[in-house]
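Bear in mind that the values in this text are calculations on the coordinates, not laboratory data. Computed from a predicted model, the values in this text were never measured in an experiment. With ideal geometry, Cβ positions are generated from the backbone for all residues, glycine too; neighbour counts draw on all protein chains shown.
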């Protein structure tokens with residue numbers, strides 16, 4: 001009787017198994033960057049669309065009032081327990097942001113109707129009379145104000161990534177001649193004031209949110225406080241050398257910093273809802289606050305910053321969104337920040 005021939009089966013050897021695992025690991029390593037890039041591309045598109053939405057809101061606001069929103073609207077109250085309203089100079093930190101005024105034009109009319117413009121943006125009904133729900137309402141998360149490419153801020157407040165341009169100046173200013181951008185804390189502008197042309201004028205851009213960690217300084221996201229300007233510093237359109245010198249000075253004061261950038265869309269302060277065009281996006285200069293008493297309620301160096309590689313989305317006055325690179329010429333970028341500088345900007 002013949003015994004049937006049997007095929008002897010063998011399993012993988014250890015070496016073969018290791019080779020297969022190595023090949024899979026290589027494929028995953030090649031695939032992950034592509035997946036991450038695709039996700040970032042989607043986030044970047046969404047971020048760009050948010051700025052487009054804000055541009056449309058700006059123009060609808062202008063159609064209604066024949067003016068752009070002021071960088072700081074109103075003022076608020078004198079403080080705890082007092083219904084005395086501050087509407088004069090010096091109390092703008094209590095006022096309301098451009099984002100606040102644009103709420104009806106981004107499908108947030110219901111929220112806008114509940115906010116009390118006679119009270120400071122940060123006060124609630126436990127500290128002021130008559131009652132105001134502003135503190136609670138300001139915690140509302142509003143999607144068009146947040147760039148999905150940025151980190152999430154560990155706060156209950158309604159955070160913000162999009163900031164409006166005060167031009168190539170120091171931000172908050174009391175001097176009309178220094179109020180050269182589309183938005184100002186004390187002066188209202190209209191489309192007719194943009195003599196350089198809306199397509200050649202920056203309206204808004206991006207910032208990155210801070211982490212609220214007051215113990216650790218993070219370059220770019222945090223700003224250094226109490227840094228007086230060096231002698232001879234140009235308050236409008238400073239030179240590259242002046243900016244470098246100021247940044248070097250600020251580098252020595254990072255222990256006195258604040259980590260609140262983008263903390264609230266209702267706040268009218270610098271690096272909450274306003275920025276300057278002193279330097280192109282993501283500069284290697286430190287963000288600095290000349291004053292030291294508040295969280296951006298003053299002058300300083302407040303540049304655009306983003307988590308995108310190579311630059312930041314920028315809303316122009318005509319509603320178009322451009323991606324302006326980190327390596328854009330300094331003078332060109334400063335010229336794009338003015339509304340009536342009569343500069344020749346060319347291609348950018």
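For this structure, a couple of remarks:
- Alpha-carbon geometry of segment 19-337: the Rg and the Dmax are 19.9, 77 Å, given in that order.
- Per-residue [θ]222 nm for the chain (sum of -39500 (n - 2.57) over DSSP H runs n ≥ 4, rounded to 500): -8000 deg cm²/dmol
- Calculated FRET value between residue 255 and residue 187, using beta carbons and R₀ = 35 Å, to 0.05: 0.50
- Förster radius 22 Å - calculated FRET efficiency between residue 198 and residue 42, Cβ distance, rounded to 0.05: 0.15
- Within the listed set 229, 14, 274, the residue fluctuating most in the Gaussian network model of the chain (springs between alpha-carbon atoms under 10 angstrom) is 14.
- Shape call, segment 110-262: gyration tensor on alpha carbons, a/c limit 1.5: oblate
- Choice from 25, 203, 143 showing the highest fluctuation, given a GNM over the chain with Cα pairs closer than 10 Å: 25
- For the chain, built as a Gaussian network whose Cα springs stay under 10 Å, the top-fluctuating residue of 317, 232, 300: 232
- Full-stretch length increase - residue 218, residue 114 - with 0.36 nm per residue and alpha-carbon distance subtracted: 33.8 nm
- Over the chain, relative contact order from alpha-carbon pairs under 8 Å, at least 6 apart, %: 19 percent
- Length gained on full extension, residue 329 to residue 31: 103.7 nm, using 0.36 nm per residue less the C-alpha separation.
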